[in-house]
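Values quoted throughout were computed directly from the atomic coordinates according to the rules given, and no laboratory measurement underlies them. Treat the numbers as computed from the prediction; the structure is a model and nothing was measured. Every residue, glycine as well, gets a Cβ built from its backbone with ideal geometry; the counts of neighbours run over all protein chains shown.
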Amino acid sequence: MRKVLGLVATMLLFASASAFAQTEAEMRARLKSLQPKDYPVQPIEFVVVYPAGGGMDTTARLLAKYVEKYTDHRVIVVNRTGGAGLIGHTYLATQAKNDGYTVGIVANGAWSDGILKAQGKWSYKDMPAVAFINYDPVTWLVSTEGPFKDKSAAEVIAAIKAKPGTVKISVVPGLSFEFLAEQVEGQIGSKVIKVPFQGGAPGVTALLGGHVDIASAFLAEYRGHLDAGKVKVLAVAGEERSPNLPSVPTFNETLGVKSIVWSAWRFAVVPKGVAPERKRYLEAALDAALRDPELVAEYKKTGAIVERKLATAAQVDAEVDKFARLEREFFVNTGRLPK
């Protein structure tokens, strides 16, 4: 019986591999049919607006490897850093050549900078999308040895309302972690103490040391502590529950609203005006890479959520528009932009 089961498993694995091999061949054939005669004849640059070694850099380098796999063309990752992403976003929107050899690997900051910091000189619409990559929602977590170890998200929110200005939450100033805390404050009419850190991981360290009551972080920044039972996740700032944390409610569920959505939402863009046939080829190359089960598995290891709901560039652009409208509304409500 055991031999039979082993044989069946082997056959299923072989069938799955064969099916994917066939799909891979079809993808290569499609790419070949879409490839312009004169393009590409030089390496394609993936521009990352944040430093090497970070989450966006890892995202870009993994994607580059699989785009090379399907196109047989070299892809170089270039980090254009500074101004918390503003330097790179400005380059992509106003300076990069629209010849199809520059692809930006960006996240929420692409539209946030366009709304808050570009001073009308450029917009996120100057960087049309070519692919959605993945996303990673912001979460709140508590220590399993801290004051909220036995509390649900609703109970923690109630505690914040009952004792304004006493609960300490780690944030990263000027980014989604801080925006999430402010939005929760606005919804419940009560204040927290926002303790600034340079990233999610230092905030988690502070949580474990008892220096804050709640940490704001992405899953990859505390997965090891979660697996070890040292932390508990309270809520997820996604439109839906995270498939990586299916038992954890969203903030929208907890507060009975629909507007609390903060995540690292990663996508690929090109400078405005790339020739349609080159843009189509880039879209197809990225789509082929992002469908590869090996790349999906590598992204999942980082804690990112990989979905193919947004399969076309037009769908990605529409989603960016939606998020940009929500953020603009938030910036107006919090006084960052005039009404």
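Over the chain, what is the relative contact order in percent, taking alpha-carbon pairs closer than 8 angstrom and at least six residues apart?
It comes to 24 percent, rounded to a whole number.
222 nm [θ] for the chain, helices only, -39500 (n - 2.57) per DSSP H run of 4+, per residue, to 500?
On the way: 12 runs with 150 residues, N = 339.
Counting only the DSSP helices, I get -14000 deg cm²/dmol.
Highest GNM mean-square fluctuation, the chain, Cα pairs closer than 10 Å: which of VAL236, VAL212, VAL49?
In this elastic network of the chain, the residue with the biggest mean-square fluctuation among VAL236, VAL212, VAL49 is VAL212.
Structure shown: which of LYS65/LYS194; LYS194/LYS339; LYS161/LYS309; LYS279/LYS339 lie over 31 Å apart, alpha-carbon to alpha-carbon?
LYS65/LYS194; LYS161/LYS309; LYS279/LYS339
So what are the three principal axis dimensions of the stretch 49-125 from its Cα atoms, in whole Å, longest to shortest?
40, 28, 16
Taking the Cα centre as origin and putting +1 on Lys and Arg beta-carbons and -1 on Asp and Glu beta-carbons, what dipole magnitude results for the chain, to the nearest 20 debye?
Numbers: 42 positive and 35 negative charges, 4 e Å.
Value, rounded to 20: 20 debye.
Label-point separation (nm) for ARG241 and GLU294, each offset 7 Å from Cα along Cα-to-Cβ?
Each label point is offset 7 Å from its Cα along the Cβ direction, giving 3.4 nm.
For the stretch 139-255, what does the relative contact order come out to in percent, with C-alpha contacts under 8 Å and a separation of six or more?
Computed value for the stretch 139-255: 34 percent relative contact order.
Does the stretch 139-255 come out rounded, prolate or oblate, given a ≥ b ≥ c as the square roots of the eigenvalues of its C-alpha gyration tensor, rounded meaning a/c under 1.5 and, failing that, prolate meaning a/b above b/c? Please list the in-between numbers first.
Details: a/c = 1.27, a/b = 1.13, b/c = 1.13.
The shape class here is rounded.
Which shape class, rounded, prolate or oblate, goes with the chain when its Cα gyration tensor gives a ≥ b ≥ c as root eigenvalues, a/c under 1.5 marks rounded, and past that a/b bigger than b/c marks prolate? Can you show the working numbers first?
On the way: a/c = 2.29, a/b = 1.31, b/c = 1.75.
Taking the square roots of the gyration eigenvalues as a ≥ b ≥ c, the chain is oblate.
Determine the shape class of the stretch 185-339: with a ≥ b ≥ c the square roots of the Cα gyration tensor eigenvalues, call it rounded for a/c under 1.5, and otherwise prolate if a/b is greater than b/c, oblate otherwise.
Taking the square roots of the gyration eigenvalues as a ≥ b ≥ c, the stretch 185-339 is oblate.
Could you tell me the calculated FRET efficiency between ARG223 and GLU319, based on Cβ-Cβ distance and R0 = 22 angstrom, to the nearest 0.05?
About 0.25, to the nearest 0.05.
Return the distance in nm (one decimal) between the two label points of a simple spin-label model at ALA154 and THR94, each offset 7 Å from Cα along Cα→Cβ.
A separation of 5.0 nm, rounded to one decimal place.
Expressed as a rounded percentage, what relative contact order does the stretch 215-339 have, with Cα pairs under 8 Å and six or more residues apart?
The value is 18 percent.
Mind checking the full-extension length gain between GLU68 and PHE331? Use 0.36 nm per residue of separation minus the Cα-Cα distance, one decimal, nm. Mind dumping the intermediate values first?
Numbers: separation 263, 0.36 × 263 = 94.68 nm, distance 3.95 nm.
Here the answer is 90.7 nm.
Enumerate the aspartates and glutamates that LYS125 could reach by cross-link, defined here as Cα to Cα under 19 Å, with residues fewer than 8 away along the same chain left out.
Straight-distance partners of LYS125: ASP99, ASP113, GLU283, ASP317, GLU319, ASP321, GLU327, GLU329.
Determine the gain in length on full extension of the stretch THR23-ILE193; use 0.36 nm per residue of separation and subtract their C-alpha separation, reporting nm with one decimal.
56.0 nm
Through the Karplus equation 6.51 cos²θ - 1.76 cosθ + 1.60, θ set to phi - 60°, convert the phi angles of the stretch 73-88 into ³J(HN,Hα) values in whole Hz; use x for Gly and Pro.
So the Karplus estimates, Gly and Pro as x, are 10, 6, 10, 10, 9, 10, 9, 10, 9, x, x, 6, x, 4, 4, x Hz.
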